[in-house]
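Below you'll find the structure I mean.
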Amino acid sequence: MHGIIFKSLKDFVVTNHGHETWDEIRHEADLEQRVYLPIDTYDDGELVGLVEAATDLTEASIPDLLESFGRFAAGNLLDTYGNVVGDDWDALDLVANAETGIHTVLRAHNPDLDPPELVCRRDGDARITVYYRSPRRLCFVAKGIVLGVADHYGEQLTVTEATCMHDGDDQCELVVRR
Ligand code: HEM
């Protein structure tokens, strides 16, 4: 996974719990010496280890931690890759374009990037259904990213999960409403 995700996890932990907690998390995950650079990619297993250690130390549940992390990470993604975001988009436009206008473009420009394949379907003016399927099964992060995108635009969106891979479904269905 892209270093920007790891760097965002570090920033998220340091902002909310301080540097010492980040050091403890790396220690718990046997990654004391690890430095995450936003220009590199790292093994997905390292993220799993860090998230497990973070939930142990902060007593947050994995879904809550991943959602809050995704919400935080959206700001970093938009700061880094804002050039692929349309000038005239609002939050719902961005969600609608997350696959065709953003993830697809990023994959084409950088073969090292491996964002999940999303299907984003507009259901009228105020609703989008996002179908998420990824072996990483990070739908809680996806939900958080949508909420973080709304924060970025100073808007309010709600996300409900109609189906979930963690419940045995073959994809997660996120219903996003304004
Ligand atoms: C708003 C809707 C969006 C959703 C639901 C979404 C979902 C996700 C999720 C869940 C991941 C984690 C990897 C995985 O699950 O396989 C991810 C990775 C990523 N996303 Fe998105 N994303 C969205 C928007 C964006 C935006 C706005 C950007 C950039 C401007 C972006 C760029 C990336 C990048 C760079 C990665 C890392 C890929 C890698 O590790 O190689 N995404 N996205």
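The values are calculated or read from the model by the stated rules, or taken from the named source; none is laboratory data. Because the structure is predicted, anything quoted here is derived from the model rather than measured. FYI the Cβ positions are ideal-geometry reconstructions off the backbone, even for glycines, and counts take in every protein chain you see.
Does residue 98 count as crowded, with 20+ Cβ neighbours inside 10 Å, farther than 22 Å from residue 154 by Cα and hydrophobic (A, V, I, L, M, F, W, C)?
When the stated conditions are applied, residue 98 does not pass them.
Which residues, counting only those in the range 38-69, are loosely packed, with under 13 Cβ neighbours inside 10 Å, closer than 18 Å to residue 4 by Cα and at pLDDT below 95?
39
Which pairs have Cβ atoms under 8 Å, sit 6 or more apart or on different chains, and link a residue in the range 120-136 that is closer than 13 Å to residue 103 by Cβ to one that is within 12 Å of the ligand (Cβ to nearest atom) and of a type in the set (Phe, Trp, Tyr)?
120/131
Continuing with this model, one more query. Would you call residue 78 near the ligand (Cβ under 10 Å from one of its atoms) and in contact with a Phe, Trp or Tyr (Cβ under 7 Å, 6 or more places away or on another chain)?
Judged against the criteria, residue 78 is not a match.
Follow-up. In this structure, is residue 175 among the aliphatic types (A, V, I, L, M) and within 11 Å of the ligand (Cβ to nearest atom)?
The answer is no for residue 175.
Within the range 1-44, how many residues are over 16 Å from the mean Cα position of the chain (by Cα) and in a helix (DSSP H, G or I)?
Residues flagged as over 16 Å from the mean Cα position of the chain (by Cα) and in a helix (DSSP H, G or I) within the range 1-44 amount to 14.
Further, regarding this structure: Every residue in the range 115-135 that is buried (at least 17 other Cβ atoms within 10 Å of the Cβ) and within 8 Å of the ligand (Cβ to nearest atom), please.
115, 116, 118, 120, 130, 132, 134
Which number in (1) hydrophobic (A, V, I, L, M, F, W, C); (2) touching an Asp or Glu at 6+ places or on another chain (Cβ under 7 Å); (3) surrounded by fewer than 16 Cβ atoms within 10 Å (Cβ to Cβ) marks the one condition that residue 175 misses?
Among (1) hydrophobic (A, V, I, L, M, F, W, C); (2) touching an Asp or Glu at 6+ places or on another chain (Cβ under 7 Å); (3) surrounded by fewer than 16 Cβ atoms within 10 Å (Cβ to Cβ), residue 175 violates only (2).
Would a scan of the range 130-140 turn up a residue that is β-branched (Val, Ile, Thr) and more than 22 Å from residue 68 (Cβ to Cβ)?
No, the range 130-140 contains no residue that is β-branched (Val, Ile, Thr) and more than 22 Å from residue 68 (Cβ to Cβ).
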